[in-house]
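The values are calculated or read from the model by the stated rules, or taken from the named source; none is laboratory data. Please read these numbers as outputs of a predicted model, since none were measured by experiment. Here the Cβ is made from the backbone with ideal geometry for all residues, glycine too, and neighbour counts use every protein chain on show. Ligands, DNA and RNA are stripped out before the accessible areas are found, and what is left, the full protein with its side chains, is counted by its heavy atoms. Shrake-Rupley method; radii C 1.70, N 1.55, O 1.52, S 1.80 Å.
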Amino acid sequence: MEQESLHQPAMETPLRSPPIPKEEPDAPTAENADSEVATRSWHPLHALLQLRAFEALRYRDYRLIWYGQVFASMGTWMDQVTRGWLIYELTDSALQLGLVRGIQAIPFLLLSPVAGSTADRYSRKMQMVVAQVVNGLVYAATALLIYIDEIQPWHVYVTGFLMAVAQVFQQPARAAMIADAVPPSHLTNAIGLNAVIFNVARSTGPALAGFLIAISGTGGAYLVQAVFFFLATLWTMRLRSGRRASAGSHGESGHKESFGQSIIEGWKFSWRNEAVRTSLLIVMFASFFIVPFTTLLPVFARDILGVGATGQGLLLTSMGVGALCSSVLIASVGDRLPRGMLMLGGVTLYGVIVVAFSISPWFQLSLVLMGIVGLCHVHAHALVQTVIQFYSPAAFRGRTMALFHMSQVVMTVGSMLIGALSSFVGAQWALASMGVVGALSMITIYMALPRARLIR
C-alpha cells in the first residue's frame, strides 16, 4: 500500500512529503549527522556547521557532493566566457556565437530522458564520475589543440556538444544523490546551499576566465577548467554511496522492464503526481516566457538605458546579488516556507518585475529591478527543484530531475522567440508581452490547480 500511495495523483490537504521508503534503511538521519560532527570537532567547518543555514553540510556525502559542485560550477561558468571568446577569435562571426550555444541545447532535448532513466537504473555515483571525467578530458583536449595551434571552429562545436552531453548525464545523477544524502527535513537547505555555490560561481567563474584569457589565452583557461573537473571527480570518488536507486513499485531498478519502458514510466509518474506535475509546469512556463528576457539585455544596456557594456555588467551583477541573497534565504528557512504559494507567487512576481524593467527609463531603477529579478529567479527555481525531489521516491528521482533540466531546452526556444518578437515589435514590447504572459500563466495554474497552493 505504501508504494501505491507514491503514485496517487490526489494530494492531501495540506500536501505534505511522501513517506520515506522502508527499503532505504541507510538513509541519513539527524542523529548520525550530529554525532559525526561531534566526533570531528577538529574539522575547520565545525563552527560553520552549527549554523542553521549550513545544516545539510553535517552529512558527509552531501559535503562531498557540495565540494565537487564548487569546482564543477566554476568550470562550467568559465566555459560560458571561454567558448564564446574562442569561437569569435577564430571566426569573427557574431552568428557563430549564437550557433555554438544553440548546439549545446540538442543533447538536453534528445538525451535528458535517457540520462534520467540511467540515473535510476544504475550507480548514480559512477554516472557522475564518468560525466565529470569526460568533461575534464574534453577541456584538456581543447587546451592541447589550442597550444599546438591546431584548433579549428569545428573543434569548438564538437567539444561544446560533448560537454553538453556530459552535463546532461551529470545533472540528474547529482540532483538525485543530493536527495539520497540528506533526510527530507534538510532537502530545501541542501538545494539552497547548492544554489549559493551556483551563484557564487556565476559571479566569479566568468571573471576568472577573463583574467586567465588575458594572461595565458584561451588555452590556459581551458586547462584550468579541466583541472577543476578532475578535482570535482576526486571529491565524487570519495562518496560512500555508489548504489543505484532502490527498486520501486514497477521494479525498474531490477531491470524487469526495457529502457524505453523505464523512460515512459518516469513520464507517467511525473504527470500522475500532482506536486511534481505542478512544479514542472511552473518551471517550464517560466523558462519559456520569463527567463529568456536576459537575451535582450545588450539592447536595453546600449540602446534604451544608454549605459553600454559596463552598464550591462552592473545589471547582471545586481541580478547575481539578488540571486545569492535568495539562495541564502532558502538555505536558512526554506523548509519552513509554504512552497506551493512561494513557487507560484515568486514566478508571478518575476513576470511583473520583468514588465517593469521593460518600461524603466532610469538605470538606477533598472538596477534595483534586476536585484528583485535575481531574488525571484533563484527563489522559484530552487523551490521547484526541492518539491520535485521531495515528492519523488528514490526510484524515480533521476527521471523527474531529467525532466526538470529539460527546461534549458525550453529556455533556448524562448530566447529564440523573444529575439524574433523584438525584431517585429521592439525589445520593450517583446519583453513586456512575454513577462505578462508568464505572470498570467502562473495565475492560470493557481486557478486550475487549486491544491497546488497547498504544497508544503
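Determine, yes or no, whether Gln152 is open to solvent by 40 Å² or more (accessible area, probe 1.4 Å) and in contact (Cβ under 8 Å) with a residue 40 or more places away in the chain. Explain how you work it out, then say what you get.
Working: open to solvent by 40 Å² or more (accessible area, probe 1.4 Å): yes; in contact (Cβ under 8 Å) with a residue 40 or more places away in the chain: yes.
So Gln152 fits the description; yes.
Condition check ((1) at pLDDT 90 or above; (2) in contact with a Phe, Trp or Tyr (Cβ under 9 Å, 6 or more places away or on another chain)) across all residues:
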site: Ile87; (1), (2): no, yes
site: Gly102; (1), (2): no, no
site: Ser117; (1), (2): no, yes
site: Gln132; (1), (2): yes, yes
site: Tyr139; (1), (2): yes, yes
site: Thr142; (1), (2): yes, yes
site: Tyr147; (1), (2): yes, no
site: Trp154; (1), (2): yes, no
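Answer yes or no: is there a residue in the range 336-347 that is farther than 30 Å from Ile304 by Cα, in a helix (DSSP H, G or I), of a type in the set (Gly, Ala, Ser) and open to solvent by less than 10 Å² (accessible area, probe 1.4 Å).
Filtering the range 336-347 for residues farther than 30 Å from Ile304 by Cα gives 336-344.
If we keep only those that are in a helix (DSSP H, G or I) too, we end up with 336, 339-344.
If we keep only those that are of a type in the set (Gly, Ala, Ser) too, we end up with 340.
Add one more test, that the residue is open to solvent by less than 10 Å² (accessible area, probe 1.4 Å), and what stays is 340.
Yes, that holds for at least one residue.
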#### Entry: Cross-chain or 6+ apart pairs with Cβ under 6 Å, the range 422-445 first and free of Cβ contacts under 8 Å to residues at least 12 places away in the same chain, then crowded, with 18+ Cβ neighbours inside 10 Å and part of a helix (DSSP H, G or I)
none
### Message
Being assigned to a helix (DSSP H, G or I), modelled with pLDDT under 80, touching a Leu at 6+ places or on another chain (Cβ under 7 Å) and not charged (D, E, K, R) narrows it down to one residue among Leu367, Leu403, Leu383; which is it?
### Response
Leu383
### Task
Test Ala141 against the stated conditions and say whether it is surrounded by 21 or more Cβ atoms within 10 Å (Cβ to Cβ) and touching a helix residue (DSSP H, G or I) at 6+ places or on another chain (Cβ under 9 Å).
no
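Working carefully through the options Ile304, Ile359, Ile372, Ile330, find the one that is in contact with a Gly (Cβ under 8 Å, 6 or more places away or on another chain), more than 25 Å from Arg101 (Cα to Cα) and open to solvent by 10 Å² or more (accessible area, probe 1.4 Å).
On the way: Ile304 fails: in contact with a Gly (Cβ under 8 Å, 6 or more places away or on another chain); Ile359 fails: in contact with a Gly (Cβ under 8 Å, 6 or more places away or on another chain); Ile330 fails: open to solvent by 10 Å² or more (accessible area, probe 1.4 Å).
Answer to the check: Ile372.
Within the range 236-288, which residues are modelled with pLDDT under 75 and either buried (at least 22 other Cβ atoms within 10 Å of the Cβ) or under 21 Å from Thr386 (Cβ atoms) (or both)?
Taking the range 236-288 as the starting set, the residues that turn out to be modelled with pLDDT under 75 are 241-260.
Ser241, Arg244, Ala245, Ser246, Gly248, Glu252, listed by residue number.
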### Task
Scan the range 203-226 for residues that are in contact (Cβ under 8 Å) with a residue 24 or more places away in the chain, open to solvent by 30 Å² or more (accessible area, probe 1.4 Å) and closer than 26 Å to Asp149 by Cβ and jot them down.
Pro206, Leu208, Gly210, Leu223, Val224
### Message
Can you find a residue that is farther than 21 Å from Ala382 by Cα and under 18 Å from the mean Cα position of the chain (by Cα) anywhere in the range 443-450?
### Response
no
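Of the residues Val158, Val200, only one is part of a helix (DSSP H, G or I), surrounded by fewer than 19 Cβ atoms within 10 Å (Cβ to Cβ) and at pLDDT 90 or above; which?
Details: Val200 fails: at pLDDT 90 or above.
Being part of a helix (DSSP H, G or I), surrounded by fewer than 19 Cβ atoms within 10 Å (Cβ to Cβ) and at pLDDT 90 or above holds for just one of Val158, Val200, which is Val158.
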### Message
Residues that are over 29 Å from Ala164 (Cα atoms), open to solvent by 50 Å² or more (accessible area, probe 1.4 Å) and of a type in the set (A, V, I, L, M): does the range 415-429 have at least one?
### Response
yes
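Going by the structure shown, is Thr444 open to solvent by less than 40 Å² (accessible area, probe 1.4 Å) and either in a helix (DSSP H, G or I) or of a type in the set (A, V, I, L, M, F, W, C) (or both)? It would help to see each step written out before you state the result.
Details: open to solvent by less than 40 Å² (accessible area, probe 1.4 Å): no; either in a helix (DSSP H, G or I) or of a type in the set (A, V, I, L, M, F, W, C) (or both): yes.
It is false that Thr444 is open to solvent by less than 40 Å² (accessible area, probe 1.4 Å) and either in a helix (DSSP H, G or I) or of a type in the set (A, V, I, L, M, F, W, C) (or both).
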### Task
Could you list, in sequence order, all residues of the range 104-138 that are open to solvent by 30 Å² or more (accessible area, probe 1.4 Å), in a helix (DSSP H, G or I) and in contact (Cβ under 8 Å) with a residue 40 or more places away in the chain?
Ile106, Leu109, Leu111, Val114, Lys125, Met126, Val133, Leu137
